[in-house]
């Protein structure tokens, strides 16, 4: 390989010139994806409830030579979803990618004991927020005849089940139906819509649900790879779905689950 070839490969950025929104960006998968998108040339708009964490993330991206801005707010709010897109267009003039990643475990416990409020809050955070995000993101993509919308779902309630997480499973499964409906509806306008379905990933949410060494060992063993994943491993899968490499991929429930869906031993 010549020096010129090496320079071309080193300088190639898969999201060069694109603008991306990432919700749930203050930690975990969202944070890792925001940093990777910026490294790959995207101008990123990061959103979450925790302003201090977003400020730190933006500073890190800028220090690494990327472009990023942040807006703090609640993804359950339609006003916030609308403001997030408006800020993106005002700041960068377009919207190419939306990673609707914000989520919660919600109220856990025996399903017959889950409160109506706990159920509703979980659906509002995991499912309704994704609908509200797409409601304002997709029209901007339609204007430019193309874009990529990605949701964070899960294998739970899709290829495997766990007790006492009914609201979480139902809300995340609902994202797959939303993905398929939007992909069918807006495919003719060049908008691709996909869901990524992680296995267990070492995030704050994972540790909240599995807070003992015994529990973590049990979950690790469920996976074919006998370990849980890392946020950057999911970020790389999201990067693929966001990029032109996935130009013929839409309406999918994309498992990135370390083999938890197929393991029986």
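Quick notes on this one:
- Index of the failed condition, residue 161 passing every other in (1) farther than 15 Å from residue 257 by Cβ; (2) without any contact (Cβ under 8 Å) to a residue 12 or more places away in the chain: (1)
- Looking only at residues in the range 241-265 that are in a helix (DSSP H, G or I) and out of contact with any helix residue (DSSP H, G or I) (no Cβ under 9 Å at 6 or more places or on another chain), the one that is surrounded by the most Cβ atoms within 10 Å (Cβ to Cβ) is 241.
- The number of residues in the range 131-172 that are over 25 Å from residue 96 (Cβ atoms), modelled with pLDDT of 95 or more, out of contact with any strand residue (DSSP E or B) (no Cβ under 8 Å at 6 or more places or on another chain) and surrounded by 19 or more Cβ atoms within 10 Å (Cβ to Cβ) comes to 3.
- Selection status of residue 78, farther than 24 Å from residue 261 by Cα, surrounded by fewer than 23 Cβ atoms within 10 Å (Cβ to Cβ) and touching a strand residue (DSSP E or B) at 6+ places or on another chain (Cβ under 9 Å): no
- Qualifying residue in the range 93-114 (condition: at pLDDT 95 or above and more than 26 Å from residue 172 (Cα to Cα)): yes
The values are calculated or read from the model by the stated rules, or taken from the named source; none is laboratory data. Remember, predicted model here, so these are calculated numbers, not experimental data. Heads up, the Cβs are rebuilt from the backbone with ideal geometry, glycines too, and the neighbour counts pull from every protein chain shown.
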